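Beneath this line is the structure, given in structure tokens, with notes to follow.
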Amino acid sequence: MKISSVFLLVAALAAVPVLRAADITGVITLQGTPPAEKEITPLEEDPTCGSLHTDKPTTHFYVVGAKGELADVVVSLNVTGKSTGESAAPVVLDQKGCLYSPTIFAVQTGQKITIKNSDPCIHNVHTTSKAGNADHNDAQMSGGADLTYTFDKPEDFLKFQCDVHPWMFAWVTVVDSPYFAVSDKDGKFTIKNVPPGKYTITAVHRKLGKQTAAVEVKDSDVTVSFPAFTVK
Ligand SMILES: [Cu+2]
């Protein structure tokens with residue numbers, strides 16, 4: 001290729017505006033010492049459920065790393081009406097060891113939640129909405145067919161509980177767009193493929209409350225810094 005051709009090609013490419021979706025990442029932290037988790041004594045004392053655990057089962061309200069890395073924080077953008085939930089892969093909620101796994105998760109509006117029973121006993125899955133989503137209440141035998149739930153309205157921490165085992169809880173946040181993530185055990189989150197624009201980003205922990213920040217996506221990945229959550 002002649003130099004003049006190369007120049008024309010480079011010039012042509014430079015003239016094409018590239019607006020690519022970018023990822024928003026960050027690390028959520030906690031300052032201070034959270035209350036100690038509680039041992040789930042009724043689970044231990046239940047003949048069937050207790051036998052499924054070798055360690056003492058506890059609550060996991062505050063999942064915090066050695067340097068304050070905070071898990072189970074739901075991070076989302078102020079975008080609604082953009083759900084791709086109907087075509088998104090289902091999210092699995094398992095019942096194992098007479099506990100829900102995960103206990104904190106998030107889905108899009110209309111996205112399927114597949115509920116499994118991996119235990120040798122019956123569970124009764126009971127959801128309670130505070131935002132007008134349909135409530136569910138279904139017994140599920142050991143080895144029974146999976147249940148499939150969807151929720152149509154955005155909601156923070158919609159409650160799942162088991163009516164057979166009163167210590168079993170999980171909470172799902174329903175988001176009306178694909179732009180959310182839940183922080184992992186390293187406190188990290190990544191919201192993928194965000195179109196360019198200015199957003200408000202919100203981080204919510206079920207026990208520790210909410211923080212917001214402004215974020216602008218241009219043509220490259222963005223890191224957001226939230227102040228540390230603090231123990232109240
Ligand atoms: Cu149960």
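A cut-off of 5 Å between modelled amide H atoms, ignoring neighbours fewer than 5 places along the same chain, links residue 94 with 101, 116. According to the Kirkwood relation over distinct C-alpha pairs, the hydrodynamic radius of the chain is 19.8 Å. Surface listing: 44, 39, 86 arranged by accessible area from highest to lowest gives 86, 39, 44, probe 1.4 Å. By the Cβ rule of 4.7 Å, the chain holds the following cysteines without a possible disulfide partner: 121, 162. Across all directions, the average projected area of the convex hull around the alpha carbons of the stretch 132-232 is 9.3 nm². Dipole size of the stretch 80-178 about its Cα centre, with +1 on Lys/Arg Cβ and -1 on Asp/Glu Cβ: approximately 140 debye, rounded to the nearest 20.
For the stretch 35-53 and the stretch 95-170, what is the centre-to-centre distance using only Cα atoms, to the nearest Å? So the two Cα centres are separated by 20 Å. Between the amide H of residue 22 and those of 193, 194, distances stay under 5 Å, these residues lying 5 or more places away or on another chain, with hydrogens modeled in the peptide plane. The 3J(HN,Hα) values that the Karplus relation (6.51, -1.76, 1.60; θ = phi - 60°) gives for the stretch 219-232 are, in residue order, 10, 8, 4, 10, 10, 9, 10, 9, x, 5, 5, 10, 6, 7 Hz. Gly and Pro appear as x. Could you check how many percent of all C-alpha pairs in the stretch 80-178 are farther apart than 21 Å? That tail contains 27 percent of the Cα-Cα pairs.
With the highest mean first, a sort of the peptides 121-128, 217-224 on other beta-carbon atoms found within 10 angstrom per residue produces 121-128, 217-224.
For residue 231, what accessible area in Å² do you get when you roll a 1.4 Å probe over the heavy atoms of the protein chains, rounding to the nearest 10? The value for residue 231 is about 50 Å². Distances between placed amide hydrogens fall under 5 Å for residue 224 paired with 25, 26, all partners being 5 or more residues away or on another chain.
Using DSSP to call loops (not H, G, I, E or B), can you name the trypsin sites (Lys or Arg not before Pro) in the stretch 35-110 whose Cβ has at most 16 other Cβ atoms within 10 angstrom? For trypsin sites (Lys or Arg not before Pro) across the stretch 35-110 that sit outside H, G, I, E and B with at most 16 neighbouring Cβ atoms in 10 Å, the list reads 38, 67, 82. One chain, two ends: residue 193 and residue 37. Fully extended at 0.36 nm per residue, the span grows by 52.6 nm beyond their Cα-Cα distance.
For the chain, the carbon plus sulfur part of the accessible surface works out to 54%, probe radius 1.4 Å. Can you flag which of 112/207; 112/188; 153/185; 112/153; 130/159; 192/218 are past 18 Å Cα-Cα? Long pairs (Cα-Cα over 18 Å): 112/207; 112/188; 153/185.
The values are calculated or read from the model by the stated rules, or taken from the named source; none is laboratory data. Values in this document were obtained by computation on a predicted structure and should not be read as measured data. Neighbour counts are summed over all protein chains in view; Cβ atoms, including those assigned to glycine, are modelled from backbone coordinates with ideal geometry. These accessible areas exclude ligands, DNA and RNA; they are computed on the full protein's heavy atoms, side chains included. Shrake-Rupley method; radii C 1.70, N 1.55, O 1.52, S 1.80 Å.
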